[in-house]
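Notes to accompany the following structure.
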Amino acid sequence: MPAYLDHVAKVAAEIEHKNTQRYLYTNNYNGWEQTPFKHPSTFDTLALDDGLADRIKTDLDVFSKGESFYHRNGRAWKRGYLLYGPPGTGKSSMIAAIANHMEYDTYDLELTKVRDNSQLKSLLIQTTRKAVIVIEDIDCSAQLCDRTAAEDSRESASSESTESSAGTSIEGSKLTLSGLLNFTDGLWSCCGEERIFIFTTNYKDRLDPALLRPGRMDNMHILLSYCTFPAFKKLANNYLGIEDHPMYVELEDAMTRTAHEITPAAMAEMLISNQSDPDAALREVMASLLPTLALLQAVANPSDKAALEVLPVDANERNIKKSRFRGRAIFFLAAIKRKHVD
């Protein structure tokens, strides 16, 4: 009977949670402000490579049922994710999809509004169970001191037994990486459970190695990059309502050759603007790939005038500057075109 009552209580709690309004919280200088969370993003709407959505959903589902597993192994019941990749590749939409899948509240922690480690600790203690805690653009947090520098300051302060004029220790007077890590993977990590920490960055290589240590991101480093052909097909299905098209063979070849130069956000804009005309939408996508295709062809075969005539020199240069083919490649293409024009 006790086991049955526990089961009934758990089911009742789950039903109540589903019927409860979820919120998006953002921090100010005094605490958290909230607004109803109604973001429509789900894993069904995300443009992801094949298998990635299933991998993430499986990981989340295992985590949601893992209370006894975590406690049995002496670990705090929390999970860490790192989302990285160029701007416009869907990091914010991924966060919303995770929150919707888990039916969690979301806390958007803006570090520029956090004065020091003490305030950071106070903010994180106020977060609830079943929460996604988001720290976006972690590499851009200029005031977040390097962990090694923070430790050196603490050791210096300890040896000299001094405090700042305000009566606050050197470490406590500023926000440090070690202060953040202590809450995600230190003694304070167990103060509130069933939480998911998500860090985002455009540049993974700029992050302090301490942040990437196993146990903090749980080996869930998720690259969200340029739009691959499988991701494009998902977007086309979402926005245009098509699962296949005669142009798909040509588009797949072009996207593969150009290394998927277009972000999902840019791709979505082209499809949205032509949502009533799928043929026009796909033609615009192909046209956006032509400058890079022309450059690749010109580099491979400088005598190919057809490739050089795809666009004027200035248009080629303007479009190529937006891509990853920069620097000498631009001048190389321009020189080739001038040679043939002359």
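Worth a mention:
- Residue check, Ile196 surrounded by 13 or more Cβ atoms within 10 Å (Cβ to Cβ), in contact with a Lys or Arg (Cβ under 6 Å, 6 or more places away or on another chain) and modelled with pLDDT of 85 or more: yes
- If only residues of region 25-39 that are in contact (Cβ under 8 Å) with a residue 40 or more places away in the chain, part of a loop (DSSP other than H, G, I, E, B) and out of contact with any strand residue (DSSP E or B) (no Cβ under 6 Å at 6 or more places or on another chain) are counted, the one that is surrounded by the most Cβ atoms within 10 Å (Cβ to Cβ) is His39.
- Residue within region 280-287 that is within 23 Å of Thr42 (Cβ to Cβ), among the aliphatic types (A, V, I, L, M), surrounded by 14 or more Cβ atoms within 10 Å (Cβ to Cβ) and not assigned by TED's automatic domain parsing to the domain that holds Val62 present: yes
- Listed by position, the strands (runs of 3 or more DSSP E) contained in region 68-145 that have at least 1 residues being of a type in the set (Ser, Thr, Tyr) are 78-84, 105-108.
The values are calculated or read from the model by the stated rules, or taken from the named source; none is laboratory data. As the structure is a computational prediction, the values presented were derived from the model and not from experiment. Note: ideal-geometry Cβ built from the backbone for every residue, glycine included; neighbour counts use all protein chains shown.
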